[in-house]
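Everything on this sheet refers to the single structure shown next.
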Amino acid sequence: MSDEYISLARRCFTSYRFSVSSTTKIQVSNNMALLRCACVLALAAVAAVSGSCDVSVPDLSYKLSGTNMVFPCDSTKGIYISSGRYIPRNVIATRMQIYKDEAIVALPRYKHGVPFTLAKFSMKARGCQANLTPFPCWSMQEEGNCDALQSVVDIFICQSDILWVLDIGLVNTLEQPVRRCGPKIVGINLKTNQVVKVIDLTNLVVPSSRLQYIIVDYTCDGRPFVYVADAGAGAIIVYDVFGAKGYRVVLPTACTATAKDVLYMVLVRRQCGNYVYFSYLSSPKMYHIKSESLQKGQTAGAIVEVGAKPEGVKGVLLGTDNAGSILFRYKGQSDVYIWNTDTCFKDENFILVQRGTECRLPTHVVPGYKRLMWTIESNFHDYIAGTAGCLGPNVVVHPVVKTCDEE
């Protein structure tokens, strides 16, 4: 794909992000500009026709596979294979963060045979099979070593260039779950690749806890706070990093009245202050709470009902544009939408930014490399059902694009 198309798409997405972060009303012209620019990007890349699995940009697409994992040496790889600690088809990448020209991905140990649970790959190479390298190093991946990572389910890069890693300590969760270690958060300085903080969450969880997502925000005076979604207990764990203390915010009954399945949580940045938007997959409504309220522990009356989801539809929050908009999809559907949170939470304000396929479902969307929005998607549903095949799950990272069937 020529550089002029990449440049055009970058300018369009940059312009759109500025638009939604600096005004309280989204303009229709900006929405259409976003869709037109995404169309240019998709057409330039010869986006696939309906029914194909490849709607991505060929020169900026990366296939992630358990067969392309980098080991310290061939003998180590052989030992892992012979002992059953490396089974390529059991490896799947679900969450992603981008730092400069590298993507960092979480490889949860849902099944046995996952040699490392946090990896990175270079985004400089175009249109190729990505080589997954353990991050920050091989020694941090040892299963059963509580000083290492056990099963990473989510990651988040904060404004200080620290990667915050949520390690639940529980492996083989889709088979016979094994508690290797207690849950923890690990902070890794991306400039040095050194671990700078380890937060033990053992005293902040309960027997019913099921930790799923992590976000990090800062106070006005620069103090970092970590928030963790505890779906099983219907709570948000809040941890003051500098103060070395944490507490649990138990969500009101109205927020947890449905099945406690997946508790989605994203950070929306606004000029008037940041907000944490959250909702259970089965919940008919969306909620938010001001980040400042979480940081101060002042949650009484602070949780606000944003609005009702479209009737009969379950929403999956995928990420944000690092400003005031949330990207999401509907359960079982692969189309990606964007919603400017300065507008009402209604169908007419949900803008389609990528038409998906039947093959893969997006699990995360993040801004990053070349100032584009990126998505990681896979046939996660097949992986869970055990029908992904002998080659394992189909995982692809690519820019968010929209085919031009409609405008």
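Bear in mind that the values in this text are calculations on the coordinates, not laboratory data. What you see is a predicted model; the values in this text were computed from it and never measured. Using ideal geometry, Cβ is built from the backbone for each residue, glycine included, and neighbour counts are taken over all protein chains shown.
The C-alpha atoms of segment 142-218 occupy a region whose extents along the principal axes are 37, 25, 22 Å, arranged from largest to smallest.
Taking all Cα pairs closer than 8 Å and separated by 6 or more residues, the relative contact order of segment 205-357 comes to 14 percent. Subtracting the Cα-Cα distance of ILE79 and ARG371 from 0.36 nm times their residue separation leaves 101.0 nm of extension gain. Longer than 30 Å from Cα to Cα, which of LYS184/LYS290; LYS63/LYS290; LYS77/LYS331; LYS296/LYS331; LYS260/LYS370; LYS290/LYS314 are they? Say none if no pair is. Among LYS184/LYS290; LYS63/LYS290; LYS77/LYS331; LYS296/LYS331; LYS260/LYS370; LYS290/LYS314, the Cα-Cα distance tops 30 Å for LYS63/LYS290; LYS77/LYS331; LYS296/LYS331; LYS260/LYS370. With the cut-off at 25 Å, report for segment 106-245 the share of all Cα pairs above it, as a whole percent. Percentage above 25 Å: 27. Given the C-alpha centroids of segment 205-235 and segment 320-359, what is the distance between them in whole angstrom? Centre-to-centre distance over Cα atoms comes out at 24 Å. In this simple spin-label approximation, VAL198 and ASP347 carry label points 7 Å from Cα along the Cα→Cβ vector, and these lie 5.2 nm apart.
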